[in-house]
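Enquirer: First, the structure itself, so that you have it in front of you.
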Amino acid sequence: MKTGAFVCSCGETCDVDLEGVREGVDGVDVVASSELLCEDGLAAMAEVVDEYDLDQFVATAAADRCERRLRDLAVEKGLHPEAAAFVDHRAGAGWVHDEPAATEKTARLLNARFAGLREEAVSRSVSREAGESVAVVGDPETAAALADTADVTLVAQGRDLADVDADLDDVSVERGRVVGVDGRYGDFELVLESRVTDDCIGCMDCVRRGPDEGLTRDPVDVTREAAESAAGDEDWIECCPTDAIELAGVERAIAADQVVYPGADPETRGGRLGFFTGPVDAGTIAAVENLLGGVEKPKFLDLDMDVCASGESSQTGCNECVEACPHGAVERPRIDDVAFDEVACQDCGACTSACPTGATQLREPSNRRLAREVEALLEPPDSGGWLFGGSDPIGEQVAAFVCSERAARSLRRYGREATADGEAFEYHPILPVSVPCADTVGEAHVLHALAAGADGVAVVGCGGDCQHSGPDPKAALVERVNRATADLGLGERATFLAPDPDDPEGFADALDAFVDSLDESPVPAGDHEATGELPGEDRANPAFDNHAWALESVRAILEHVDPEREVIRGLSDFGRMAVSDDCALTPTCTNLCPTDAVRRREGNLEFNHQRCVDCGLCEEGCPETAITMRDGLDLSLLPENRGDVAGEDGEPDDPAWTTVMEGEMRECVRCGDPFTSEASAAKIEGEVGEMVAGLAPDSEHSVFEYCGDCRAGLLFEGGR
């Protein structure tokens, strides 16, 4: 793929030096510039595309109009419309930084965009068919608004709809209040509770005889207060000709493809696909109508459930993705399994940043792509001195993972408003990497940025207005990572920032305070290129799973620091095994471990710390409750820190494995093969020995001294 880069100064309204940007862009086939790329520069740009036979290009374009013109040029030149990629060099650089910093940052943004293009995933989609039924809870106006396009059922939710000023002629009305909603888009079930059954014929006799305001007329139902005060006054109850009044309440279920429930307590602003809460507006109506009949949407996740650590053999293991997902797109159909509803996925990345094994990863941007973009943004400090006499225009290099939703819009607004007001407004030139949501970022992303030479890492999200996870979605992550970096000897180097669109100075002050707290990182920039793998390990996990990626980054950091502690706290994807004397060396833990981090060998139980993801399956399933798992990365257990380890035969052993329980193998008295541990054999013999004592009366040995094959032969011989 031949790639060009094009940079514009927007008619010299953007404070960047075109020559400086051209000098700073690396790796592409050609770099060109224009003072007005989307106008006078278009013809020259077309000539460059032809001359260098370009397949794609990256360009600075700060407005939708500019992007459209450049995309049209790509199509005119026979390129795919998506072969054009853009960076915003105005609101994100030229309008909020001085010229040297804006110039350097623009070049790095183009480099990062180019690096990301090389890792871009092939687009794929997922779909689901659905009907056109919509249940609307307690909102007759919304029900009426949807009646022309959908099959609407209005749940009264205790309201009397008799005098409602809404056209409900094409709306089915159900009495009762919602006590539960289950299911997913295309297959929701609402459980309704009412005190009048479907036997009601609407004669209104109970309404006329009952207590004032104690019953509704349309649909007929009894209020909770009227039911509670009905004792001793049963005349209005017994008048019902069909015995439809049930003061204790009855439940029934109705089905719907979508649900509009304004009064529900939303877990997040985004909610679940096809389940709408909160205030209803025209956007809500449009969203419901857009989902009628089914949906086709981009495929956001790559799933590899063969490496999932969720459970095994009815034992619950890792539950990170289930707990992390804010949209009900991950569930446990069984105690030892998790399932993903990819249609319900809303691309926040929460499950992918929480998954230690790589069973779920974002397709776009992938972890590999994010790694390459971060590495392209970070350069040795003197690399920016080509135009400015050796000065360092960026200063402290802060890699910033920026939520592409509200946080990105706030940063764009800062630049535009500062320019419109004519007042100088600047903030530290952070090096941004766009992510779908702050939830996309996990400990592996932060550690990699530090391993690549960042002085600090900022997660820039929506704060209390996040449509996925609510307030301060990464506060816990920042606390954990800072504990880990302090233990590694780097000090605290991570923060969470939530730019308020109406308070640019507050954002600048918070960022300055963070930058002021940073010392220059001892880890040089520009030296580290991540592989996302564990060297020397034969693993089925995909590259850039969070566990392997984080450990690789820690190792890169340790080449330049002296850790403060042997056990690095705050890293949730690493487990340390302790085994008590209650261990009988049964094979349960080795059979359950999804990462093959536990093995039995020569009568001993051995543990591989660099493979363990702390899923807890071994602890959960241990029949003797002898295993205790603790999180944290123990540097002393890594193979490079253990030196030569002598094996049973005196030859060097694999230092990745440590013995956590010493045992002795029992050898078969007939064939001589070791078949189980002495502890396991003794335990089983103690539990069932009396029950099988007479099975081999002619043998000099107990049946527990034979392996399985020889025991079967022994019993067969005794039966002849």
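The values are calculated or read from the model by the stated rules, or taken from the named source; none is laboratory data. Predicted model only: the values in this text are computed from it and were never measured. Don't worry about glycine lacking a Cβ; one is built from the backbone with ideal geometry, like all the others, and counts go over all protein chains shown. All accessible areas refer to the heavy atoms of the entire protein, side chains included, with ligands and DNA or RNA removed. Shrake-Rupley method; radii C 1.70, N 1.55, O 1.52, S 1.80 Å.
Enquirer: Of GLY616, ALA230, PRO140, which is farthest on the positive side of the dipole of the chain, counting Cα position, with +1 on Lys and Arg Cβ, -1 on Asp and Glu Cβ, and the Cα centre as origin?
Expert: Of GLY616, ALA230, PRO140, it is GLY616.
Enquirer: Based on the mean of other beta carbon atoms within 10 Å per residue, what is the order of 279-292, 149-162, most packed first?
Expert: Numbers: 279-292: 14.4, 149-162: 20.1.
Highest to lowest by the protection proxy: 149-162, 279-292.
Enquirer: On to the next question. From the Cα trace of the range 285-352, what convex hull volume per residue do you get, rounded to a whole Å³? Before the final figure, lay out each step's value.
Expert: Numbers: hull volume 7.0 nm³, N = 68.
Dividing the Cα hull volume of the range 285-352 by its residue count gives 103 Å³.
Enquirer: Considering only the range 308-466, what is the antiparallel percent among its DSSP beta bridges, to the nearest 5? All intermediate terms of the calculation are to be shown ahead of the outcome.
Expert: Details: 5 of 15 bridges.
Taking every DSSP beta bridge within the range 308-466, about 35 percent pair in antiparallel fashion.
Enquirer: Send over the per residue convex hull volume for the range 398-538, Cα only, as a whole number of Å³. Don't skip to the end; give the middle numbers.
Expert: Working: hull volume 17.8 nm³, N = 141.
So the per-residue Cα hull volume is 126 Å³.
Enquirer: Hey, how much of the P(r) for the range 130-180 falls beyond 19 Å, as a percent of Cα pairs? Provide the component values of the computation, followed by the final result.
Expert: Numbers: 240 of 1275 pairs.
When every Cα pair of the range 130-180 is considered, 19 percent fall beyond 19 Å.
Enquirer: What does the charge count near GLY183 come to, summing +1 for each Lys or Arg and -1 for each Asp or Glu among other residues with Cβ under 14 Å from its Cβ? Don't skip to the answer; put the middle values down first.
Expert: On the way: positive: ARG128, ARG184, ARG272; negative: ASP182, ASP187, GLU189, ASP257, GLU331, ASP341.
That works out to -3.
Enquirer: Here is a follow-up. Taking the radius of gyration and the Kirkwood hydrodynamic radius from Cα positions alone, what is the Rg/Rh ratio for the chain, to two decimal places? Before the final figure, lay out each step's value.
Expert: Numbers: Rg = 32.7 Å, Rh = 30.3 Å.
Rg divided by Rh gives 1.08.
Enquirer: Do the sum for the chain: with -39,500 (n - 2.57) for every DSSP H run of n ≥ 4, divided by all residues, what is the mean residue ellipticity at 222 nm, to the nearest 500 deg cm²/dmol?
Expert: Numbers: 21 runs with 197 residues, N = 720.
My calculation for the chain gives -8000 deg cm²/dmol from helical runs alone.
Enquirer: Using unit Cβ charges (K, R positive; D, E negative) and no other charged atoms, how large, in debye to the nearest 20, is the dipole of the range 474-609 about its Cα centre? Before the final figure, lay out the partial values.
Expert: Numbers: 12 positive and 29 negative charges, 187 e Å.
So the magnitude is around 900 debye.
Enquirer: Under a straight-distance cross-link criterion of Cα-Cα below 19 Å, which aspartates and glutamates are reachable from LYS77, leaving out those fewer than 8 residues away in the same chain?
Expert: Here the aspartates and glutamates satisfying the reach criterion relative to LYS77 are ASP29, GLU39, ASP40, GLU47, ASP50, GLU51, ASP53, ASP55, GLU67.
Enquirer: What is the sum of charges around ALA107, taking Lys and Arg as +1, Asp and Glu as -1, for the other residues whose C-beta is under 12 Å from the C-beta of ALA107? Display every interim value, and only then the final one.
Expert: Numbers: positive: ARG22, LYS105, ARG108, ARG113; negative: ASP17, GLU19, GLU23, ASP26, GLU104, GLU379.
Within the 12 Å Cβ shell, the charges total -2.
Enquirer: Report the Cα centroid-to-centroid distance between the range 48-115 and the range 494-547 in angstrom, as an integer.
Expert: Cα centroid to Cα centroid, the span is 25 Å.
Enquirer: Can you list the lysines whose alpha carbon is less than 17 Å from that of LYS683, not counting same-chain residues fewer than 8 positions off?
Expert: Straight-line reach from LYS683, under 17 Å: no lysines qualify.
Enquirer: Take every DSSP beta bridge whose two residues both sit in the chain, then give the antiparallel share in percent to the nearest 5. Walk me through the numbers before you get to the answer.
Expert: Details: 52 of 92 bridges.
For the chain, the DSSP antiparallel bridge percentage is about 55.
Enquirer: Now for a separate question. In what sequence, highest mean first, do 133-144, 623-634 appear when ranked by Cβ atoms within 10 angstrom?
Expert: On the way: 133-144: 22.7, 623-634: 17.7.
Put in order of decreasing packing, that is 133-144, 623-634.
Enquirer: Can you compute the charge dipole magnitude of the chain about its Cα centre, using +1 on each Lys and Arg Cβ and -1 on each Asp and Glu Cβ, nothing else charged? Give it in debye, rounded to the nearest 20. Kindly include the intermediate steps, with their values, before the conclusion.
Expert: Numbers: 59 positive and 149 negative charges, 160 e Å.
Charge dipole, the chain, about its Cα centre: 760 debye, nearest 20.
Enquirer: Would you mind working out the magnitude of the charge dipole of the range 219-373 relative to its Cα centre, with +1 at each Lys and Arg C-beta and -1 at each Asp and Glu C-beta, to the nearest 20 Debye? Write down the numbers at each step before the final one.
Expert: Details: 12 positive and 30 negative charges, 243 e Å.
Charge dipole, the range 219-373, about its Cα centre: 1160 debye, nearest 20.
Enquirer: If you don't mind, there's one more thing I want to ask. With every protein chain in place, what's the accessible area of SER127 (1.4 Å probe, Å², nearest 10)?
Expert: 80 Å²
Enquirer: Using the heavy atoms of the protein chains alone and a 1.4 angstrom probe, what is the accessible area of the chain per residue in square angstrom? Working shown, then result.
Expert: Values: 32220 Å² over 720 residues.
Here the residues of the chain average 45 Å² of exposed surface.
Enquirer: Hey, can you grab everything whose amide H is under 5 Å from the amide H of SER33? Only 5+ residues off in sequence or another chain; H modelled, so Pro and N-termini drop out.
Expert: VAL7
Enquirer: Considering only the other residues whose Cβ falls under 11 Å of the Cβ of CYS707, what net charge follows from Lys and Arg at +1 and Asp and Glu at -1?
Expert: Details: positive: ARG666, ARG670, ARG711; negative: GLU667, ASP673, GLU705, ASP709.
That sum, taken over residues with Cβ under 11 Å, equals -1.
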